[in-house]
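Visitor: To start, I am sharing the structure in question, which I have written as C-alpha cells.
The numbers here are math on the coordinates, done by the rules we state, and not lab data. The model shown is predicted, which means the values in this text are computed figures rather than measured ones. Using ideal geometry, Cβ is built from the backbone for each residue, glycine included, and neighbour counts are taken over all protein chains shown.
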Amino acid sequence: MVMLRRCIFNRIYQQFYSCSQLSSKSLPSAGVPSAVLGGHRAAWHRSNSTVPDLRERTLIAVKPDGVQRRLIGQVIQRFEQRGFKLVGLKMLRVSEDLLSQHYTHLRTKPFYPRLVEYMTSGPVVVMVWEGHKVVQATRTMVGHTNPAEAQAGTVRGDFSFHVSRNVVHASDSLETAQREIGLWFQKKELLNWDCIDKTITCEV
C-alpha cells in the first residue's frame, strides 16, 4: 500500500513538473487557450511590477500617561490586528538630550519645558512597526493631536481627552519616521523577520 501511494505521488509530481516546463508557445497546443495564458502572464507581471512596499517603517511611542494607565497592550493590539509587523520594542526613561533631538522643531515653543517635564516623568514604550503605507495608516489610527478633535475609534479619541496627555506619538511622514527611528533605536535592535500571513494580508 505504501509503495502504491509512493508510485501515485511520483506520477503526479512528474506530470506537474512536465507541465511547468512547457513554454508559453506550447501551452495552447496542449489545450490551454492563449487568452487564458495571456491572463496568467498579465497577472504574474502585475504582481511583480506593482509589489507594494511592505517594509515601510514608522515609530510609535506610548507616552508616560499611556504607560501609567496601562494602555500599552491595547495600543499594540490595534496595530497587530491591523496587520502591521512589530520589528522593534523597548521601554526606557527618556533623556532630555534625546527629547531635544526628537522635538527639535518645538524647542523654541513656550510649552517646551513642560513637554520635557512630562516626557521624563515616567517610562516610555517605543516601537517600530512595519507594513504597507504604515506611516499614513498609523497616523489615522492614532487620531488628531488634540483628542477633543480625534474621532472615536482612534487611540486618542478613545483614551485621551486633553492635548497635553494624548497617550501616543506617531511619526507624521516617512522622512520623519526614518529620522526618529534612528534616534530611538540602534540598527541591531531592529529585527528583520517574515510574517507567515503576508500573502494573505497583501498581494506580493
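Visitor: Please compute the net charge surrounding PHE159, taking Lys and Arg as +1 and Asp and Glu as -1 over other residues with Cβ under 12 Å from its Cβ.
Guide: Local charge sum for PHE159: +4.
Visitor: Ok, one more. In nm, what is the difference between 0.36 nm times the number of residues separating TYR103 and VAL163 and their Cα-Cα distance?
Guide: 20.0 nm
Visitor: Another question about this same structure. Let me check I've understood the local charge: for GLY88, count other residues with C-beta under 11 angstrom from its C-beta, Lys and Arg +1, Asp and Glu -1. What total comes out?
Guide: +3
Visitor: What is the magnitude of the charge dipole of the stretch 78-204 about its Cα centre, with +1 placed on the Cβ of each Lys and Arg, -1 on the Cβ of each Asp and Glu, and no other charges, expressed in debye to the nearest 20?
Guide: 200 debye
Visitor: For the stretch 54-204, please report how many Lys pairs fall under 30 Å Cα to Cα, leaving out neighbours fewer than 8 apart on the same chain.
Guide: 21
Visitor: By average Cβ neighbour count within 10 Å, what is the ranking of 116-125, 92-101, 60-69 from highest down?
Guide: In descending order of packing, they fall as 60-69, 116-125, 92-101.
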